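Here is the structure we will look at.
The values are calculated or read from the model by the stated rules, or taken from the named source; none is laboratory data. Computed from a prediction, not measured in an experiment: that's the story for all the values here. Here Cβ is always computed from backbone atoms with ideal geometry, including for glycine, and neighbour counts include all displayed protein chains. For accessibility, only protein heavy atoms count, side chains too; no ligands or nucleic acids. Shrake-Rupley method; radii C 1.70, N 1.55, O 1.52, S 1.80 Å.
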Amino acid sequence: MAMTLVVPVLAAAQDPAATAEVPVSAPSGVAPAASPTTVPPPPITVRANAYRINAGDELEIYVWGEERLQRKVKVLPDGTIAFPLVGKIVAQGYMPSEVETLITAGLRDQYRGQVPQVTVSVVQPAGLQFSVMGRVRSPGTFTPGRYINVLEALSMAGGPSEFANLDNVVIIRKAGEDLRTVRVRLAPLFKMGADANDIARANILRIETGDTVIVP
């Protein structure tokens, strides 16, 4: 059943230094190969523009001085990757630096001394996709390669068209097997002389993978 979610105001979401509360898992180790690492994700504060890995992303993993442990892997639909000597690791929802920590922990038993430096990079961030429909100049599906907010999403779609109703922008978001509706009021940001109070009254939300933004 769809439901309408009233979203709290994010006054500083346009500030690159602003932070947003998003759930992430704090890496605590790597499970054996037969069982992926699954750590319940406690909420912590991270920068709103920090990229978190999605299913479908391609990662490049490099263990310094170990040519046999240098490879590209794709994050599977279940959010996991497989890596030699470590086994299966849950990567979805983690930042690359957190996956580095997981792999380092999994390699610890393979070395008498310190584990060589592990580097994880997202080379094809194909997993984060969203769509923009309705009264925008260039509707379509987009893969930004980083987290963006709803204003940036409209910008990628060419901006609102002349008769767009920016007081009733709708984001359709997947929540498990259900869909929920998030309504966003952006009109104050597009009027002449918009100030900090206007920003405070607008809901500037971060786009999540699979979102559909509808501008009526």
Subject >> Residue pairs meeting the criteria (Cβ under 8 Å; at least 6 apart or on separate chains; first farther than 13 Å from G210 by Cα, in the stretch 174-185; second modelled with pLDDT of 90 or more and open to solvent by 70 Å² or more (accessible area, probe 1.4 Å)) >> reply: R185/D167
Original post:
From the set of residues in the stretch 62-89 that are in a strand (DSSP E or B) and open to solvent by 30 Å² or more (accessible area, probe 1.4 Å), which is farthest from V122 (Cα to Cα)?
Top reply: K88
Original post:
Does P144 satisfy the criteria of being within 26 Å of G56 (Cβ to Cβ) and touching a Leu at 6+ places or on another chain (Cβ under 8 Å)?
Top reply: yes
**OP:** Look through R173, R137, R183 and report the one residue that is open to solvent by 40 Å² or more (accessible area, probe 1.4 Å), under 30 Å from Y94 (Cα atoms) and not hydrophobic (A, V, I, L, M, F, W, C).
**Re:** R183
**OP:** Please go through the stretch 90-140 and pick out each residue that is of a type in the set (G, A, S) and either touching a Lys or Arg at 6+ places or on another chain (Cβ under 7 Å) or in a helix (DSSP H, G or I) (or both).
**Re:** G93, S97, A105, G106
**OP:** Residue by residue through the stretch 90-118, note down the ones that are closer than 15 Å to L69 by Cα and either open to solvent by less than 40 Å² (accessible area, probe 1.4 Å) or small (G, A, S) (or both).
**Re:** V99, L102, I103, T104, A105, G106, L107, V115, P116, V118
Original post:
Do you know which of the residues in the stretch 169-216 that are within 17 Å of G140 (Cβ to Cβ) and of a type outside the set (A, V, I, L, M) is modelled with the highest pLDDT?
Top reply: T212
